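Okay, so here's the structure we're looking at.
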Amino acid sequence: MTETLDTIPLATIDGRPATLGDWSGKVRLLVNVASKCGLTPQYEGLEQLYREKKDAGLEVLGFPANDFMGQEPGSEAEIASFCSVNFDVTFPMFAKIAVTGDGVHPLYRALVAARPDATGEGPMRDKLAGFGIAANPAPGVLWNFEKFLVGRDGKVAARFSPDVTAEDPRLRAAIDAALSA
């Protein structure tokens with residue numbers, strides 16, 4: 001059997017086995033998240049988006065990753081607590097994974113292969129360079145809070161740069177199109 005996005009083994013933040021298939025038939029926005037990043041306030045917009053569009057079929061799925069300057073150092077319990085206390089996150093969160101490098105999780109390897117280019121690419125890469133930070137080379141995940149939109153059909157519909165927020169009209173339009181498909 002060929003492995004699809006929906007069959008790749010995952011673990012929830014509380015250690016239960018899962019796959020994206022558990023949300024089959026939904027539109028899924030996958031976001032690699034971090035608690036100590038300049039983009040961490042995006043949790044607020046992601047939670048608002050989730051609450052606004054959940055009943056229409058959107059799932060926001062958070063994947064903590066410590067790949068960028070150690071900005072997600074905590075344990076799963078610490079991450080879950082941080083998200084709950086600081087941003088009242090109710091969308092599903094997963095165990096910490098790698099989204100770059102030799103140990104990249106198979107899910108993120110598949111996402112990047114399916115959608116090598118990100119909408120909004122450029123400004124964030126320039127910002128990182130301005131801080132003297134060597135960005136992860138394309139097509140790899142650039143930084144925390146990169147977003148992959150997976151349609152109801154299980155295919156990657158879009159990819160958005162980390163600084164494209166939940167309020168961005170480009171992301172909203174893509175989500176609405178996927179929800180109506």
Kindly list, by first and then second residue, each pair from a residue in region 158-177 that is among the aromatic types (Phe, Trp, Tyr) to a residue that is assigned to a loop (DSSP other than H, G, I, E, B), limited to pairs with Cβ atoms under 8 Å and residues at least 6 apart or on different chains.
160/118; 160/120; 160/146; 160/168
Tabulated pairs, region 134-151, first at pLDDT 95 or above and of a type in the set (Val, Ile, Thr), second surrounded by 18 or more Cβ atoms within 10 Å (Cβ to Cβ) and not in a strand (DSSP E or B), C-beta under 6 angstrom, 6+ apart or interchain:
141/99; 141/100
Filter region 47-70 down to the residues that are closer than 25 Å to residue 24 by Cα, outside any strand (DSSP E or B) and not hydrophobic (A, V, I, L, M, F, W, C) and list them by number.
47, 48, 50, 51, 52, 53, 54, 55, 57
Could you check region 71-92 and list, in sequence order, the residues that are more than 21 Å from residue 11 (Cβ to Cβ) and not in a helix (DSSP H, G or I)?
88
Leading residue by the ranking (surrounded by the most Cβ atoms within 10 Å (Cβ to Cβ)) among those in region 119-145 that are over 18 Å from the mean Cα position of the chain (by Cα) and part of a helix (DSSP H, G or I):
128
Out of all the residues in region 98-110, which are out of contact with any helix residue (DSSP H, G or I) (no Cβ under 7 Å at 6 or more places or on another chain) and either in a loop (DSSP other than H, G, I, E, B) or of a type in the set (Asp, Glu) (or both)?
98, 100, 101, 102, 103, 104, 105
Select from region 3-32 the residues that are among the small types (Gly, Ala, Ser) and in a strand (DSSP E or B) and write down the one among them that is farthest from residue 58 (Cα to Cα).
11
Which pairs do you get when a residue that is at pLDDT 95 or above, found in region 62-87, comes within reach of a residue that is small (Gly, Ala, Ser) and not in a loop (DSSP other than H, G, I, E, B), reach meaning Cβ atoms under 8 angstrom, with the pair 6+ apart or on two chains?
83/62
Residues to consider are 122, 140; find the one that is over 29 Å from residue 84 (Cβ atoms) and touching a Ser or Thr at 6+ places or on another chain (Cβ under 6 Å).
140
Only one of (1) modelled with pLDDT under 95; (2) buried (at least 18 other Cβ atoms within 10 Å of the Cβ); (3) of a type in the set (D, E, K, R); (4) more than 17 Å from residue 142 (Cβ to Cβ) fails for residue 102. Which number is that?
(2)
Could you figure out which of (1) touching a strand residue (DSSP E or B) at 6+ places or on another chain (Cβ under 8 Å); (2) under 15 Å from residue 30 (Cα atoms); (3) of a type in the set (A, V, I, L, M) isn't true of residue 80?
(2)
Which condition number in (1) outside any helix (DSSP H, G or I); (2) among the aliphatic types (A, V, I, L, M); (3) without any contact (Cβ under 8 Å) to a residue 60 or more places away in the chain is the one that residue 113 fails?
(1)
Which residues, counting only those in region 7-39, are exposed (fewer than 15 other Cβ atoms within 10 Å of the Cβ) and touching a Ser or Thr at 6+ places or on another chain (Cβ under 8 Å)?
7, 9, 21
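The values are calculated or read from the model by the stated rules, or taken from the named source; none is laboratory data. Everything quoted here is computed from the prediction, not taken from an experiment. Note: ideal-geometry Cβ built from the backbone for every residue, glycine included; neighbour counts use all protein chains shown.
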